Amino acid sequence: MIDVLNYKLYGDVTVYDVAVVVFVMAFATIIAKIVTTNLRRALIDKMRRDQLELMLKIIYFGIIIIAFIAVLPALGLNLSGLLVAGGITGIILGFASQSVVSNLVSGIFLLWEKPIKIGDQISIDGVMGFVEDVNVLSTIIRTYDGLYVRIPNEKLFTSNITNYVAHIARRFEYVIGIRYSDDAEKAIEIIKKLIEEHPFVLKNPEPQVFVDNLGESSVNIIVRVWAPSTEWYSVKMEMLWKIKTELEKNGIEIPFPQRVVWFANELRANVSKEEGRQT
């Protein structure tokens, strides 16, 4: 009886070896299909379609190629020479494409983690502005001056990112100084009324208005207000001007810095006069 599995097709390659190769390649194809399908579902709303398809094709064929290389010895192919040449080539290409691969991997992690999205206002490594586009290799930031800055995803992934609109609300703070002769309680009452009347000032978290410290030239009042992140800047600018004008209408002024200066000549003259009177 002929052992079908051990039947040699050519050289030392048997039917069993061919069956293993077919099984491994079929399994690798299934795995590649599952991986790319799940990635497509996870990233379809986070990447442009052309970039997503390119990345999925690279991953799909990468898995199949790795599996094919792994089963070549089962077919009796000696890869020692090929591996040496491929290893040298791989080292050269590795150094040449190190930053590209790093940016690609970082881009995938960023798209998965989602610390930022298009339209967010962020600050990273001194660059502040709006996120215009998130690509696989880089992210485009439009600064407040209208300049477009391309940031490699590797740098974005390894840096501290400040996202100004990730939270629905954002707080701003003023330090308002009034004269010692002014009524601090009245000033606080006026500020609180202005805060309550503004349509975009949030009631929760609750605004805070209180005397913080007694400065050299003024009584310093702290004003802490929460506003929607999308309206934060306009509310901050508007409230500051309203507080200033309303305090002035009620006779409460923001004082200039004051210093008491003693002149040496005048001091000696006063001392001499006092001594003359005593004698």
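The values are calculated or read from the model by the stated rules, or taken from the named source; none is laboratory data. These numbers were taken from a predicted model, which means no experiment stands behind them. Cβ placement follows ideal geometry from the backbone for every residue including glycine, while neighbour counts extend to all protein chains displayed.
Some observations on this one:
- Selection within the range 133-158 - part of a loop (DSSP other than H, G, I, E, B) and not β-branched (Val, Ile, Thr): ASN135, LEU137, TYR144, ASP145, GLY146, LEU147
- Any hit, the range 256-268, residues being within 30 Å of GLY119 (Cα to Cα) and either among the polar types (S, T, N, Q) or modelled with pLDDT under 90 (or both): no
- Taking (1) at pLDDT 85 or above; (2) under 30 Å from LEU110 (Cα atoms); (3) not in a strand (DSSP E or B) in turn, ALA166 satisfies each apart from (1).
- Screening the candidates SER138, SER97 for the property of being at pLDDT below 85 and touching a helix residue (DSSP H, G or I) at 6+ places or on another chain (Cβ under 8 Å) yields one hit, SER138.
- Candidate set from the range 198-229 (those that are surrounded by 14 or more Cβ atoms within 10 Å (Cβ to Cβ) and without any contact (Cβ under 8 Å) to a residue 24 or more places away in the chain); member that is nearest to ALA187 (Cα to Cα): VAL209
- Among residues of the range 62-86, those that are modelled with pLDDT of 75 or more and loosely packed, with under 13 Cβ neighbours inside 10 Å, counted: 3
- Test: residue in the range 176-186 that is among the polar types (S, T, N, Q), farther than 30 Å from SER106 by Cβ, over 34 Å from the mean Cα position of the chain (by Cα) and surrounded by fewer than 15 Cβ atoms within 10 Å (Cβ to Cβ): yes
- Within the range 243-253, tally of residues that are surrounded by fewer than 16 Cβ atoms within 10 Å (Cβ to Cβ) and either modelled with pLDDT of 90 or more or in contact with a Gly (Cβ under 7 Å, 6 or more places away or on another chain) (or both): 7
- Condition broken by PHE130, with the remaining ones in (1) touching a Lys or Arg at 6+ places or on another chain (Cβ under 8 Å); (2) in a loop (DSSP other than H, G, I, E, B); (3) not β-branched (Val, Ile, Thr) satisfied: (2)
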